[in-house]
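Novice: Handing you a structure now.
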């Protein structure tokens, strides 16, 4: 699978897969999309908690994890961050990416390298405020613990590229894994996606989207 680094409109990098005609982030701006959808609408929705358990569907470049670490350093809460990825980036791919200009954490590039080099299926304590656990696999193949996570970053490729990950069965898995009052956030607001979420018990709300998208979705477990 050919993957190439692309620069988005806000100057930050993403990965493109030409054969699938997809990118890991919006071409309108990788960092601004991730901050808008996952940090502001997801993580900060749960900021009343002392410790936030985050589950990310798709580790990708590691951007969402770095932005979450950045926010944890600036806020009272701590974060335990679990991310799943079936096709991890290769060293020659992630080594070309540097978010240092956009993310203000101690030695951003070294953190990105450590994220990708860290071993799978064990906890890594980066800081008193942030711990990371990576799962190599697919959400279709693993069993998540029930009533555990406070935020799910649902960052799969679009339904046209990965329809199997936007199914009722997958959203039922997410619903079961969330604690009461937890939320799932995603950039996709298609009607079929919202209806699938609602069918498993989510309370779904449409929010203003990041640049280039009119709407996004936050789904809450009552």
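Derivation of every value follows stated rules applied to the coordinates shown; laboratory data play no part. The structure displayed is predicted, hence computed values, not measured ones. Please note: Cβ atoms are built from the backbone with ideal geometry, for glycine as well, and neighbour counts cover all protein chains shown.
Novice: Using alpha-carbon pairs under 8 Å, 6+ residues apart, how would you state the relative contact order of region 134-194 in percent? Provide the component values of the computation, followed by the final result.
Specialist: On the way: 55 pairs, mean separation 28.3, N = 61.
Rounded, it is 46 percent for region 134-194.
Novice: For a quick check: sort 85, 141, 205 by the number of other beta carbons within 10 angstrom, fewest at the front. The partial results should precede the final answer.
Specialist: Details: 85 19, 141 9, 205 13.
Least crowded to most crowded, the residues run 141, 205, 85.
Novice: Rounded to the nearest Å, what's the spacing between the alpha carbon centres of region 123-142 and region 6-31? Just the number, please.
Specialist: Going from one Cα centre to the other spans 24 Å.
Novice: Would you please calculate the Kirkwood hydrodynamic radius of region 1-146 over all C-alpha pairs and express it in Å, rounded to one decimal? Intermediate values should be presented prior to the final figure.
Specialist: Working: mean 1/r = 0.0639 Å⁻¹.
In region 1-146 this quantity evaluates to 15.6 Å.
Novice: Can I ask one more? From Cα pairs below 8 angstrom and at least 6 apart in sequence, can you work out the relative contact order of the chain, rounded to a whole percent?
Specialist: Relative contact order comes out at 19 percent.
Novice: Which order results if 48, 28 are arranged by neighbouring Cβ count within 10 Å, fewest first? The partial results should precede the final answer.
Specialist: Values: 48 11, 28 15.
Least crowded to most crowded, the residues run 48, 28.
Novice: Suppose we keep just the DSSP beta bridges with both residues in the chain; what percent of those would be antiparallel, to 5? Don't jump to the answer; show the numbers that get you there.
Specialist: Values: 20 of 42 bridges.
Just about 50 percent of them are antiparallel.
Novice: With runs of 4+ DSSP H residues as the only contributors, calculate the mean residue ellipticity of the chain at 222 nm using -39,500 (n - 2.57) per run, divided by the residue total and rounded to the nearest 500.
Specialist: Values: 6 runs with 50 residues, N = 222.
Computed ellipticity for the chain at 222 nm equals -6000 deg cm²/dmol.
Novice: Could the peptides 36-42, 172-178 be put in order, highest first, of the mean number of other beta-carbon atoms found within 10 Å of their residues?
Specialist: Values: 36-42: 23.1, 172-178: 20.0.
Going from most to least packed, we get 36-42, 172-178.
Novice: Starting with the fewest neighbours, write out 104, 9 ranked by other beta-carbon atoms found within 10 Å of each beta-carbon. If you can, show how the numbers build up before the last one.
Specialist: On the way: 104 10, 9 13.
Listing 104, 9 from fewest to most nearby Cβ atoms yields 104, 9.
Novice: Let me ask something additional. Send over the Kirkwood Rh of region 114-222, from the inverse of the averaged 1/r over different Cα pairs, rounded to one decimal Å.
Specialist: Details: mean 1/r = 0.0664 Å⁻¹.
Radius from the Kirkwood sum: 15.1 Å.
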